[in-house]
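To start, the structure itself, in C-alpha cells.
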Amino acid sequence: MPQPSTRNTFNGFALTWRMPIIVWQVLFFVGPLLFMVAMSFFLVKNYRMVEAFEFKNWEKMLTRGYFWDSYALTFILATLSTIVASVLAFPASFALAFKVSPVVRRWALFLLIIPFFTSYLVRIFSWYVILAESGVVNSILAQIGLGPYTMLNTMFGTLVGYMTLTLPLVVVLQTFALANIDRNLVQAAHNLGCSPIRAIYTVIMPLAKTGLIVAALFCFILSFGDFVSPYYLGGSKPPTLPILIIDTTKSGQQWPRAAVVAVVMMLTLITIAFASLALAYRKRASR
Amino acid sequence: MIVQRLINWSLRGYVLLLFVFIFSPILFSVVFSFNSARFPTIPLESFTLHWYKTIWNDPDVWTAARNSLIVSACTSVLATFLGFCTAYSDYRYNFRFKSAYLALVLLPPTIPLIIMALAMLAWFSKIGASGQLWSIIIAHSVLTAPFAMAIIRLRLNQMDKDLESAAWNLGASEWRTMREVILPFCKPAIISALFLTAAVSFDEFAIAWFVSGLNKTIPVLILEIVQGNIDPQVNAIGTFVFLVSMTLVIVAQIFFTLRAGKMMS
C-alpha cells in the first residue's frame, strides 16, 4: 500500500506542521527568556542600557536586605497559599469525586473552569470593596455586633486574593486525581474494616498523590508569580518579588536589576518544580 | 448511617460554600455596577445606570475596547493555527526530541506572567518591536497556543486512526486528506480553541501592560483606573468584561463537548 511515511525522513508535509511552533517559540519564547538572563548582566549608564557582562546588578540586588525580605515574604506567602488552598480544596474535591453523581461533577467542573478565564483583576477589585473597613463583610458583621475588622493590607487579604486565583484550579486538579483512583481499592479498605477517615489517609491520598502534588505545585507557581493580590489586598509592605520587578522596571528603569529578580524567581520555581515532581512520581517504599 | 448522611450533607454544603466564595466577587461586581454608591456596601443604595453611561461616553474605553478586540481576535487565529499544527504533529508523528518539542510548546503558561512580561518587553525593544498592538498579539499567541494545542489534541484522540489511512488508500494525497478528513473532524475543537484563546487574551493584563506602550487594552485600562482611586466605573467595565469572557468560554465549552457524530454528518 502506498502509505505516506510516518518516519523521520525529509518530508515536506510533516515539516509544514512541525516547524511553525518551533520557529515561533524560539523567536518569541526561548529568545526573550534567554535575553532576559543575559540582560541581568547588562549595565545601565545615563538611563540607557549598555550590553555588557558584569555582575554589578547581581551584587547590587543580592547584597541588599530588602531583596531578601521580599524573597522571604514571597516564599512564605506562596507556601502558605499552597497549604491553605490544598486543605480548603480537599473536602470539596473529595465530595465532587465520591459523593455526587457524574452529571453534578461535570457541571461543577464546568463552573470551576469559568473563573479561570475571567478577569482576575476585576475580581480582586471586587474583593477590595467587599473586604474594606466599611465594606460588605464588615457591615454584615456589624449587624451581629462584631467588628469592624481590618482585612485589607494584611496577610489575610493577600490570601483571599490568592485563593480567588488558585482555588478553582486546585479543586479541578484534585477532583481529577481523586476521581481517577480505583474504587475497588477504597471498597476493599472499607470491607477490611478500615474507617472512612483512615481510608482517606492510607488509601485515597497515597493513590491520588501525583495529582494532589501537581495541584499544589500549580498553586505555588501561581501565588509566587502573582502581583495583584499582594499589591491591592496585601498592601505591598514589603513588596513581593513580582511587585519588585514592576517597581524596578516601571519607575526605576532598571531593567537589568528587574531581570536579576526574575532569574532568581525562575531558579526558585524550577527547583520547587523538580523537587515536587520527584516527590510526586517517586515509587512508594516497600512495606 | 445517620452520621454518614450528616457527613455527606455537610460535604455538599461545604462545596456550595466554596462556590459562593469563588463566585461572590463576580456577583458583587455586577451588583455594584448598578449601585449609586461611590463606595458600595450593604445596605445598597439606589439603582443606577450612571457608571455605564460614564464608560459609554469615555473615548478611552472605546479605544481600549477596539484594541482588545483586535488583539484577542488576531491572537486567537494565530494561536489556534499554531496549536493545530502542533497537535497534528504530535498525533501523527514520532520524531527525535519529541519530548523537548512538546515541552517547548507547553511550558509558557507555567511561567509567571510577570516574568514573561519583563522578558517580552526587553526582547521586543531589543528587536525594535515594542509598544505596538502586534507586540501584544505575538506575546499572547505564545501564551495561548498551548491551550489551543491541548483542545485540538484531545479531539484528535477521538479520531479513528484508520480514517486517515482509509483516505490515503482511496487515493487521496496527504494534503487532500488533511483538507477533507482531518480538518472537518477537528472543526468543533478548532472553533472551541478560537474562543478559548480569545478569552485568555481578552483578560490578560500583565504582559499587555508591559509591552503595549500607549496602546492600552481593556485590562490595562482597568489596571490603571484601579491604581488611582476607588472608582465604581471599574465594576461597569468589569461586568462587561465578565460577560464577554464568560460568553467566549461557554461557547468554547459547548463546541468542545459536541459529540463526534453530530459534526461529521
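Read-outs throughout are calculated quantities, based only on the coordinates presented, and are distinct from any laboratory measurement. Nothing here was measured: the structure is a model prediction, and the numbers come from that model. In this analysis, Cβ positions are derived from the backbone assuming ideal geometry, glycine residues included, and neighbour counts consider all displayed protein chains.
Which ³J(HN,Hα) values in Hz, rounded to whole numbers, follow from the phi angles of region B:27-44 under the Karplus curve 6.51 cos²θ - 1.76 cosθ + 1.60, where θ = phi - 60° and Gly and Pro get x?
4, 5, 4, 5, 4, 4, 5, 9, 9, 6, 5, 6, 10, x, 8, 9, x, 6
Given A:LYS60/B:LYS126; A:LYS56/B:LYS216; A:LYS237/B:LYS126; A:LYS56/B:LYS126; A:LYS250/B:LYS98, which pairs have Cα atoms separated by over 29 Å? Don't skip to the end; give the middle numbers.
Details: A:LYS60/B:LYS126 24 Å; A:LYS56/B:LYS216 34 Å; A:LYS237/B:LYS126 33 Å; A:LYS56/B:LYS126 21 Å; A:LYS250/B:LYS98 39 Å.
Violating the 29 Å Cα-Cα cut-off are A:LYS56/B:LYS216; A:LYS237/B:LYS126; A:LYS250/B:LYS98.
If you line up the long axis of helix B:218-228 against the longest principal axis of chain B, both from Cα atoms, how many degrees apart are they, to the nearest 10?
30
What are the trypsin sites (Lys or Arg not before Pro) within region B:14-68 that DSSP puts in a loop, where the Cβ has at most 15 other Cβ atoms within 10 Å? If you can, show how the numbers build up before the last one.
On the way: sites: B:ARG38, B:LYS53, B:ARG66; in loops: B:ARG38.
Those satisfying the criteria are B:ARG38.
Collect residues whose amide H, placed 1.01 Å from N in the peptide plane, falls under 5 Å from the amide H of A:MET49; neighbours closer than 5 in sequence don't count.
Here the answer is none, since no amide H 5 or more places off falls under 5 Å of that of A:MET49.
Hey, what did region B:18-157 get for relative contact order, percent, Cα under 8 Å, at least 6 apart?
On the way: 88 pairs, mean separation 44.0, N = 140.
Answer for region B:18-157 is 31 percent.
Between A:ARG183 and B:ILE70, how many nm apart are label points set 7 Å from Cα along the C-beta direction?
5.4
Compute the helix-to-body angle for B:59-92: its Cα long axis versus the longest principal axis of chain B, expressed 0 to 90° and rounded to tens.
Computed tilt is about 30 degrees.
So if a site counts as exposed when it's one of the chymotrypsin sites (Phe, Trp or Tyr not before Pro), its DSSP state isn't H, G, I, E or B, and it has at most 16 other Cβ atoms within 10 Å, what's the longest stretch of chain A without one? Numbers along the way, then the final one.
Numbers: sites that count: A:PHE10, A:TYR47, A:PHE53, A:PHE55, A:TYR149.
Counting at most 16 other Cβ atoms within 10 Å as exposed, the longest clean stretch of chain A is A:150-287.
Any lysines with Cα under 16 Å of the B:LYS187 Cα? List them, leaving off those in the same chain fewer than 8 positions away.
B:LYS262
Quickly rank B:196-202, B:73-79, B:240-246 as a protection proxy: mean count of other C-beta atoms within 10 Å, highest first.
B:196-202, B:73-79, B:240-246
So which aspartates and glutamates pass the test for A:LYS45, namely a Cα distance under 15 Å, with those fewer than 8 places away in the same chain ruled out?
Those aspartates and glutamates meeting the cut-off are A:GLU54.
Just to be sure I understand the rule: take each whole DSSP H helix in chain A, project its Cα atoms onto its long axis, keep it if the span is 18 Å or more and its mean Kyte-Doolittle hydropathy is at least 0.0. Which ones pass?
A:12-25, A:65-94, A:102-116, A:155-179, A:209-225, A:255-281
Straight-line reach only, C-alpha to C-alpha below 14 angstrom: list the aspartates and glutamates that A:LYS209 could link to, leaving out same-chain residues fewer than 8 apart.
Of all the aspartates and glutamates, those that pass the test against A:LYS209 - Cα under 14 Å, at least 8 places apart if same chain - are A:ASP182.
Counting only helical runs of four or more DSSP H residues, what would the 222 nm mean residue ellipticity of chain B come to if each run contributes -39,500 (n - 2.57) and the total is spread over all its residues?
On the way: 13 runs with 202 residues, N = 265.
Mean residue ellipticity, 222 nm, calculated: -25000 deg cm²/dmol.
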